[in-house]
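Values quoted throughout were computed directly from the atomic coordinates according to the rules given, and no laboratory measurement underlies them. Since the structure is predicted, the reported quantities are computational estimates derived from the model, not experimental observations. Virtual Cβ from ideal backbone geometry, glycine too; neighbours counted across all protein chains shown.
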Amino acid sequence: MTSDVSEPGAPDPANPPVRDIARALVFDPAQRLLLIAYESVRPIDPAAPDDRTFWFMPGGGLEPGETHVEACRRELEEEIGVADAPIGPQVAGCEGPFHLFRTSRHARERYFVVRLADDRIDTSRLAETEDNPVLGTRWWTLDDLEATSERIEPAGLAQLARAIAGGTIPATPVALTWHGS
């Protein structure tokens, strides 16, 4: 049996540190959405303890003095090898405790639209930038994204991606939530 006791000096899961994060809904010309598969360090669903895969948009935490747009651009270069990505409008956000990464956090995330000229990406540096095992990347069709039973974070991402691909950019950022919150 494993213990839920934290290691000395580890953040308290009941009171995780706040982390400001920028992520991108990255679309290719075929309107597919790029997501990264991660392995959770803890069970996602107690009923299926071996199922630990979840999918997330590229992005990550802000460095000191960085804006969300600057962080988004830097993260896209680090994670998918796209330098100077054209960062579009913020279309959504999600805030709350998130426990699927190695370090639990109170995530304050902003999501931006990025449209690439093609589907060529370079993920050779991706694993070295993440604190959870990276399982791969995938360009998801909108139909596959809406139909999947796999864990896509945050909840509502498929519907938001469909609206954006159809030309609807929200006038104000949409508030999304984590699954199970």
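For the reader, a short list of remarks on this structure follows.
- Relative to its residue count, the chain spans a Cα convex hull of 125 Å³ per residue.
- Dipole of the chain [Lys/Arg +1, Asp/Glu -1 at C-beta], most positive-end residue of 161, 49, 15: 161
- Fraction of antiparallel bridges per DSSP, region 18-176 only, in percent to nearest 5: 60
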